[in-house]
Amino acid sequence: MLLISEAEPPAELALLSHQVSRVHSAAQALAEGTAADVVLIDARSDLAGARAACRSLAGTAPILLFVPVAGLALISTEWGFTDFIVAGSEPAELEARIRILARTGSDPDLLVAGPIRVDPAAYSASIEGEPLDLTYTEFELLRYLMQHPGRVLSRETLVSQVWGYDYYGGTRTVDVHVRRLRAKLGQFDTYIGTVRNVGYRFASTREAQRVG
């Protein structure tokens, strides 16, 4: 794991058994060519610097943002991190998030957004570790939305990509299936946002929980 921090490393991290390489900035990580299965970016003392680091390293490895409670209102998916954890959380939670992100990095087909996980290879989906009972179309719809986080997808696009170009049932079926899918996501239904007069947008992080 790669830790980017100008301050002392988080105390929670010292209680875990991961091999950690530490640098002071994303620029240093890029210059030294440091590789890692997970990047932990410390935002406790410098939110602006953490945002810049996230954007610089987005796509190189799963990014876990270590953020203070006071910074929760300022972070957004546009930063480019994969997941975040609040400073002061239990070490067990930090361990779990690192473990999940490490697996995500080693399995590029696995889709993870907060508590929602979709494994296309196993054709399975779960939320908070509990299996989701989805129909074939609901699974394909969720998968396609999660494959395009932050992107506004029109109903026409969803029909062609999920139902197929030869489907002539109309776009209303998208609304019906999104409503059913949201019902199965329960309290996490706000991960699927509606864009008025256009279509739908999937939030890749807990951004959805902050507005839900």
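Observations
- Residue within the stretch 106-124 that is hydroxyl-bearing (Ser, Thr, Tyr) and open to solvent by less than 30 Å² (accessible area, probe 1.4 Å) present: no
- Within the stretch 181-192, being surrounded by 15 or more Cβ atoms within 10 Å (Cβ to Cβ), touching a residue at least 24 places away in the same chain (Cβ under 8 Å) and part of a helix (DSSP H, G or I) holds for 181, 184, 185, 188, 191.
- Any hit, the stretch 177-186, residues being among the hydrophobic types (A, V, I, L, M, F, W, C), over 30 Å from residue 13 (Cα atoms), in contact with an Asp or Glu (Cβ under 6 Å, 6 or more places away or on another chain) and at pLDDT 90 or above: yes
- Taken over the stretch 155-172, the criterion of being open to solvent by less than 30 Å² (accessible area, probe 1.4 Å) and out of contact with any helix residue (DSSP H, G or I) (no Cβ under 7 Å at 6 or more places or on another chain) is satisfied by 160, 164.
- Against the test of being out of contact with any helix residue (DSSP H, G or I) (no Cβ under 8 Å at 6 or more places or on another chain) and within 27 Å of residue 162 (Cα to Cα), the options 126, 45 yield a single qualifying residue, 126.
- Restricting attention to the stretch 5-27, the residues that are under 20 Å from residue 48 (Cβ atoms), part of a loop (DSSP other than H, G, I, E, B) and either without any contact (Cβ under 8 Å) to a residue 12 or more places away in the chain or open to solvent by 60 Å² or more (accessible area, probe 1.4 Å) (or both) add up to 3.
- Among the residues making up the stretch 90-103, those that are surrounded by 14 or more Cβ atoms within 10 Å (Cβ to Cβ) and either within 16 Å of residue 52 (Cβ to Cβ) or not hydrophobic (A, V, I, L, M, F, W, C) (or both) are 91, 95, 97, 103.
- Test result for residue 203, more than 22 Å from residue 77 (Cα to Cα), modelled with pLDDT under 85 and among the hydrophobic types (A, V, I, L, M, F, W, C): no
- Remark: pairs (first residue in the stretch 55-70, within 17 Å of residue 93 (Cα to Cα); second residue part of a loop (DSSP other than H, G, I, E, B) and of a type in the set (S, T, N, Q); Cβ separation under 6 Å; 6+ apart in sequence or on different chains) = 62/82; 63/82.
So that you can scan it fast, the table gives a plain yes or no per residue for (1) in a strand (DSSP E or B); (2) at pLDDT below 80; (3) hydrophobic (A, V, I, L, M, F, W, C):
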| site | (1), (2), (3) |
| --- | --- |
| 53 | no, no, yes |
| 56 | no, no, no |
| 84 | yes, no, yes |
| 95 | no, no, no |
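- Residue in the stretch 136-150 that is more than 25 Å from residue 67 (Cα to Cα), open to solvent by 50 Å² or more (accessible area, probe 1.4 Å) and among the hydrophobic types (A, V, I, L, M, F, W, C) present: no
- Selection count, the stretch 28-56, where residues are open to solvent by 10 Å² or more (accessible area, probe 1.4 Å) and aliphatic (A, V, I, L, M): 7
The values are calculated or read from the model by the stated rules, or taken from the named source; none is laboratory data. Keep in mind that this is a model prediction, so the values were computed, not measured. Glycine also receives a Cβ, built like all others from the backbone with ideal geometry; neighbour counts cover every protein chain displayed. Note: areas computed on protein heavy atoms with side chains; ligands, DNA, RNA excluded. Shrake-Rupley method; radii C 1.70, N 1.55, O 1.52, S 1.80 Å.
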